[in-house]
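The values are calculated or read from the model by the stated rules, or taken from the named source; none is laboratory data. Bear in mind the structure is a predicted one, so any value in this text is a computation, not a measurement. All Cβ positions, glycine included, derive from the backbone under ideal geometry; neighbour counts span all protein chains shown. SASA here: full protein model, heavy atoms, side chains in, ligands and nucleic acids out. Shrake-Rupley method; radii C 1.70, N 1.55, O 1.52, S 1.80 Å.
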Amino acid sequence: MFTVFRGGRSGAWRVTRFAPVKGAALSPTPSLSVVHSLSIALPILPSPTSWRLAGFASHLRYTERAEKTQLDAVRAEIGRPEATFAALIPIKKSAAWWELTQEERRQIFEDRSHHIADSLKYLPAIARQLYHSRDLGEPFDFLTWFEYAPAHADEFEELVAMLRATEEWKYVEREVDIRVERERLDAG
């Protein structure tokens, strides 16, 4: 199953902030749609005011059994009604990251950066899903998607700042931070 994020003129999520963090930005758009599909459909004619990013959810790559057990115990599902705020943060890592072995990446990811251990305190308030894009030839290696209630916006900012301060983040060569709010059909 693929997940496709489309930035454009319409979508279920209204863009509230669009910030390049590192490297080239994407074109700012007013809305974001998220589509789950068995295939990746390309637009017939590309638009200068839109973009498409695709990825797929996969098994956990750098997680050990005890960590997976901890994560499963506090896992929050994507799509909770109260989670009306979200963030799409596409990330591309450097060639130096991919030249490391799996074990070396694990050491940086968890042993030294504490990605899992330090993130646990933000769960289940913040739901997250990682989509892999590198093997699809996409412009980013990962599409990170987070959903949370407005009451947890400060915690999300704290989580993002914490992750960007780690050794792991030194290997990020491109990142865009797109914040969105679920469109309300009853808003007037």
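Here are some notes:
- Phe56 under 24 Å from Ile108 (Cβ atoms), out of contact with any helix residue (DSSP H, G or I) (no Cβ under 7 Å at 6 or more places or on another chain) and at pLDDT 85 or above: yes
- Per-region count, region 135-159, residues surrounded by fewer than 17 Cβ atoms within 10 Å (Cβ to Cβ) and either under 20 Å from Gly7 (Cβ atoms) or touching a Pro at 6+ places or on another chain (Cβ under 7 Å) (or both): 3
- Only residues that are assigned to a strand (DSSP E or B) and open to solvent by 60 Å² or more (accessible area, probe 1.4 Å) were counted in region 9-31, giving 5.
- Close Cβ contacts (under 9 Å, 6 or more residues apart or on different chains) running from residues in region 150-163 that are among the small types (Gly, Ala, Ser) to residues that are surrounded by fewer than 14 Cβ atoms within 10 Å (Cβ to Cβ) comprise Ala151/Glu82.
- Of the residues examined, Arg164 is not one that is open to solvent by 20 Å² or more (accessible area, probe 1.4 Å) and in contact with a Phe, Trp or Tyr (Cβ under 7 Å, 6 or more places away or on another chain).
Results for (1) surrounded by 11 or more Cβ atoms within 10 Å (Cβ to Cβ); (2) touching a Leu at 6+ places or on another chain (Cβ under 7 Å), shown as yes or no for each residue.
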{"position": "Ala66", "(1), (2)": "no, no"}
{"position": "Ala76", "(1), (2)": "yes, yes"}
{"position": "Glu82", "(1), (2)": "yes, no"}
{"position": "Pro90", "(1), (2)": "yes, yes"}
{"position": "Glu103", "(1), (2)": "no, no"}
{"position": "Ile108", "(1), (2)": "yes, no"}
{"position": "Lys121", "(1), (2)": "yes, no"}
{"position": "Ile126", "(1), (2)": "yes, yes"}
{"position": "Tyr131", "(1), (2)": "yes, yes"}
